[in-house]
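Down below is the structure, laid out as C-alpha cells.
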C-alpha cells in the first residue's frame, strides 16, 4: 500500500527518484524498446542540431560583417545560410518523427501497465474485491497508467534539455565564462515550482479517487443497457444526473482552488527566471560595449543565452515532472507488488483428483466489510453421487457457503476437507477445476453461444460437439438452433455478428430471455465435466414445468457427479438425498424431506408456508407466542 501510516498518500523524495526513474525506463524498455531507443536518439539529434545551428549562425554573422566591411557579396554568406536551413529542416523532421514514435510508445506503455493491473486483479482472492481501498487503487492505476511514460518523457525531456543546454553553453562560455553562474540559477525556480505543483496535484488525485469512482459508477448506470430499463421506469435520470453533476462540481471546485495557487507559484518562478536572464543579457551588453567581446560573439552569446535559458528552465520543469510522475509510479509498484505476494502465499499442495467426500467442520466466515459472521460454526457432509440441497431464508448464508465450497473464499476458522485433504493447503486453481458452479447472478458473456457454453471448459472451447451435447442436457439446444447463426450467434445486442464484426451490414448480436440465459449458464456447468457441481438457484428464471423437468432428470444429467444446489422453491428439493437448513449463518436442521417434515421444525414451517401460498390457505406462524 503506497500510503503513510495515517492513511495519507506516501511522499516520494529525491532519494527515491533515481530508483523510480529506472523502473519507468524498464517499463518503457519492456513495452517498446525500439521506439524508446529511437525516440532517445532523436533527442540527441535535437541537441546536436542546436550546437550546429549556433556555430553556423556565428559563421554566417561573421561572414556577413566581413562582407559588409570589405564590400563582398551574398555568395560569401550563402553557404552558411544553406547549412543553417538544412540543419533546421533536419531538426524539424526529427521532432516530427519523435512525436509520432512517442505516440506509439505511449500506447505500448499503457498496454503494458494495464496488462500488469489485469494480472493482479485476475490473481488476487475474491475477498480482496470486497475491500473499497482495493478498488480505489485499481482506479488510481487505471487513471494514471500514462504516468510511467510521462516519467520517461521527463527523462527524455531532461536529456534533450541537457543536450541542447550543453551545446549552447559551450558557445556561451567560449565567449564569456562569467555568464555560466548566472545561467545556472535558471534551473532552481523552475524545479521548485514544478515540484510543488506535482505534490499538490498528487494529493488532489489521491483524495478524489473515491468520489471519482462514485461519479464513474453513476455515469455507467446512466449509459449502460442493463440499468436503462429501471432508470426509465422509475424516472431516475434527473436524480442520478444531479448526483453525478454534484460530484463533478466538487472536483472542479477543488481543482480550481489548487490551480489558482499553482498559477501564483509559477508566476513567481517565471519572474525569477526572467530576472536572471535579463541580468545575463545586460552583462553581455556591458561586455560588448567595453569591447571585451566582438559584436558577432555578443550576438551568438545572446542567442545562446536564449537557448540555454529555455533549456535549463525546461530541465527544471522536467525534474519537477519526474518527481510528480514518480509518485504515480511508486503507487503502481506498490499495487503490482501484490502479485508476488499472492503467489508467495498461494498454497501449492496437489488437489485431490475425483471426488468421494467433502466434510465441512465448524466453519466460521466473515466478509472483509462485514461486522457479523455470515457463517457461524457450520458443519455438513457431501458424499459422492449425492444430491444435497441447501435451503433457508434470504441472508441465512447459503450462497456464502457455496462460495466457500467452490474454493472462492477461505474460512476464518474451521476446515473444509476434500477427500480428507484440507482445501486451504492445496492449489486453489487445481481445486476449482474439480468444481462446476453456477451462481444465481451468473455472468452473461457478450460472446458467441459456443463460447458462452465452451467457457465452462475453456481448454476445449472449440469442441462444438461437446458444446452441443451440454446445450442439449440443459434444454438450450432448441432455441439455440433457431437463432440466425446458431452456435455462432453473438449474444448481447451491443455488438455486431461474430463472423465479421467490422462489417456495417452485419447482424447485430442477439439478446436472450432470462430463462434462456439461465439454460446457457446451466449448459456451461454441464460442459465443465467436474465431479462436484454447485447450482445456486439454477432454475429461478425457469417456469414451474421446466423447473420440474430439470430436477426430475438432474440425476440422469449429472450421473456419477455430486450435486449441491440451493433453491428457494421447496418443491424442488424434496427429492434431494439430504437437505441442510440454514438460519442466520448456522445449520439448524438436516435430513431428508420426510425426516424434516416429521421434525416439524423450521424446514416444515417454511415448506408449509410456501405450499399455503399456492393453495391460498392461511397458516399460523409457529414462531408466534
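The values are calculated or read from the model by the stated rules, or taken from the named source; none is laboratory data. Remember, it's a predicted structure, so these values are computed and weren't measured experimentally. Here Cβ is always computed from backbone atoms with ideal geometry, including for glycine, and neighbour counts include all displayed protein chains.
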With 12, 21 as the choices, which residue is out of contact with any strand residue (DSSP E or B) (no Cβ under 7 Å at 6 or more places or on another chain), at pLDDT below 70 and surrounded by 13 or more Cβ atoms within 10 Å (Cβ to Cβ)? 12
Evaluation of residue 98 against (1) touching a residue at least 24 places away in the same chain (Cβ under 8 Å); (2) farther than 30 Å from residue 59 by Cα (one fails), failing number: (2)
Quick one: would you say residue 168 is surrounded by fewer than 14 Cβ atoms within 10 Å (Cβ to Cβ) and modelled with pLDDT under 65? no
Condition met for residue 322 (in a helix (DSSP H, G or I) and modelled with pLDDT of 65 or more): yes
Of the criteria (1) more than 19 Å from residue 204 (Cβ to Cβ); (2) modelled with pLDDT under 85; (3) surrounded by 17 or more Cβ atoms within 10 Å (Cβ to Cβ), which one residue 279 fails: (3)
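Yes/no matrix, rows are residues, columns are (1) crowded, with 16+ Cβ neighbours inside 10 Å; (2) in contact with a strand residue (DSSP E or B) (Cβ under 8 Å, 6 or more places away or on another chain); (3) farther than 28 Å from residue 328 by Cβ; (4) at pLDDT below 85:
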site: 200; (1), (2), (3), (4): yes, no, no, yes
site: 206; (1), (2), (3), (4): yes, yes, no, yes
site: 210; (1), (2), (3), (4): no, no, no, no
site: 214; (1), (2), (3), (4): no, no, no, no
site: 228; (1), (2), (3), (4): no, no, yes, yes
site: 235; (1), (2), (3), (4): no, no, yes, yes
site: 242; (1), (2), (3), (4): no, no, yes, no
site: 245; (1), (2), (3), (4): no, no, no, no
site: 248; (1), (2), (3), (4): no, no, no, no
Please give the strands (runs of 3 or more DSSP E) falling wholly within the stretch 364-465 in which 2 or more residues are in the same structural domain as residue 129 (by TED's automatic domain parsing) and over 17 Å from residue 564 (Cβ atoms). none
Residue pairs within 6 Å by beta carbon, gap of at least six or interchain, first lying in the stretch 583-598 and touching a residue at least 40 places away in the same chain (Cβ under 8 Å), second crowded, with 16+ Cβ neighbours inside 10 Å and assigned to a loop (DSSP other than H, G, I, E, B), listed first then second, are 583/396; 585/373; 585/374; 585/397
Where the second residue is modelled with pLDDT under 70 and outside any helix (DSSP H, G or I) and the first is under 14 Å from residue 473 (Cβ atoms) and lies in the stretch 538-565, which pairs have Cβ atoms under 6 Å and are six or more apart or on separate chains? 550/539
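The rows are residues; the columns are (1) over 26 Å from residue 343 (Cα atoms); (2) in contact with a helix residue (DSSP H, G or I) (Cβ under 7 Å, 6 or more places away or on another chain); (3) surrounded by fewer than 17 Cβ atoms within 10 Å (Cβ to Cβ).
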position: 62; (1), (2), (3): yes, yes, no
position: 68; (1), (2), (3): yes, no, yes
position: 75; (1), (2), (3): yes, no, yes
position: 81; (1), (2), (3): yes, yes, yes
position: 84; (1), (2), (3): yes, yes, no
position: 95; (1), (2), (3): yes, yes, yes
position: 106; (1), (2), (3): yes, yes, no
position: 112; (1), (2), (3): no, yes, no
position: 120; (1), (2), (3): no, yes, no
Just name the residue that is surrounded by the most Cβ atoms within 10 Å (Cβ to Cβ) out of those in the stretch 407-420 that are farther than 16 Å from residue 580 by Cβ and in contact with a helix residue (DSSP H, G or I) (Cβ under 9 Å, 6 or more places away or on another chain). 407
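Can you go through 564, 609 and tell me which one is more than 21 Å from residue 407 (Cα to Cα) and either in a strand (DSSP E or B) or modelled with pLDDT under 90 (or both)? Break it down into steps so the answer makes sense when it comes.
Details: 564 fails: more than 21 Å from residue 407 (Cα to Cα).
Of 564, 609, the one residue that is more than 21 Å from residue 407 (Cα to Cα) and either in a strand (DSSP E or B) or modelled with pLDDT under 90 (or both) is 609.
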